[in-house]
Amino acid sequence: MSRLKDAAHADRKATHQAAQARDTWPVRIAGAASEGADQPPLIALSLATIATGAALRRPNVVRGGVRMLAAHALATGIKTVLKTNIDRTRPLKALAEGHSIGKGTGTEDSDLNSFPSGHTAGAVAVAQAAARDMPALAIPARVAAGAVAAIQMPRGKHYISDVMAGAAIGLASEWAVSAAMRRGERALAAWRERRDDQK
């Protein structure tokens, strides 16, 4: 229990120190860029990937776009449930008024929705999905997702633990979607084989 308290204290202390840079121009620029990992841009990116793959007749790109969209949707659903059930003060508010974390009240007050990081969850889910079907994008997609995660502490938007939880949600969501897609593809292949045998 003592180690957990120590870890929580270190999390808050490191994040509050990082947030001292929130008004510097590099953090402001990187923070603005990280808004590309908000829900509407990631949905638009996924749909654009599907459309591009269809136009170019590239099944792997279409599949990648579908995987991106599904992984993002699942990650968004999970983080929304957690945000509803856990109220945690965002670092910027905590610096002014003190930190608190507790059972969710269903509040829509953004200042109490620190846990987990939705931007990180969505960015990681989409990056992992893109990397699976379009390996050439693996490094840039993962670097971009890492950058989105890393800037959340200096911006004062999230604690390190919020970001770690968001990354875990993104990874788990992409894994679950990919597992479901594999099962679906196997079932479709088996159905086609049976259909061909009956001809």
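The values are calculated or read from the model by the stated rules, or taken from the named source; none is laboratory data. All of these numbers come straight from a predicted model, not from anything done at the bench. Quick reminder, even Gly has a Cβ in these numbers, built from the backbone with ideal geometry, and neighbours come from all protein chains shown. Calculation scope for accessible area: heavy atoms of the full protein, side chains included, ligands and nucleic acids excluded. Shrake-Rupley method; radii C 1.70, N 1.55, O 1.52, S 1.80 Å.
Key figures for this structure:
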quantity	calculated
Qualifying positions in region 40-65 - open to solvent by less than 70 Å² (accessible area, probe 1.4 Å) and either touching a Ser or Thr at 6+ places or on another chain (Cβ under 8 Å) or hydrophobic (A, V, I, L, M, F, W, C) (or both)	Leu42, Ile43, Ala44, Ala48, Ile50, Ala51, Ala54, Val61, Val62, Gly64, Gly65
Extreme residue, least open to solvent (accessible area, probe 1.4 Å), among residues of region 104-135 that are in contact with a strand residue (DSSP E or B) (Cβ under 7 Å, 6 or more places away or on another chain) and under 20 Å from Ala168 (Cα atoms)	Ser114
Tally of residues being surrounded by fewer than 16 Cβ atoms within 10 Å (Cβ to Cβ) and in contact with a helix residue (DSSP H, G or I) (Cβ under 9 Å, 6 or more places away or on another chain) across region 66-96	2
Residue check for Ile169: touching a residue at least 24 places away in the same chain (Cβ under 8 Å) and more than 12 Å from the chain's Cα centre (by Cα)	no
Yes/no for Glu193 being of a type in the set (Asp, Glu) and under 16 Å from Val66 (Cβ atoms)	no
The listed residue being farther than 30 Å from Asp6 by Cα and part of a helix (DSSP H, G or I), out of Val148, Val126	Val126
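To keep it simple, each residue is scored yes or no on (1) within 27 Å of Asp87 (Cβ to Cβ); (2) open to solvent by 60 Å² or more (accessible area, probe 1.4 Å); (3) of a type outside the set (D, E, K, R).
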| residue | (1), (2), (3) |
| --- | --- |
| Gly102 | yes, no, yes |
| Leu137 | no, yes, yes |
| Val148 | yes, no, yes |
| Ala167 | yes, no, yes |
| Ser173 | yes, no, yes |
| Arg182 | no, yes, no |
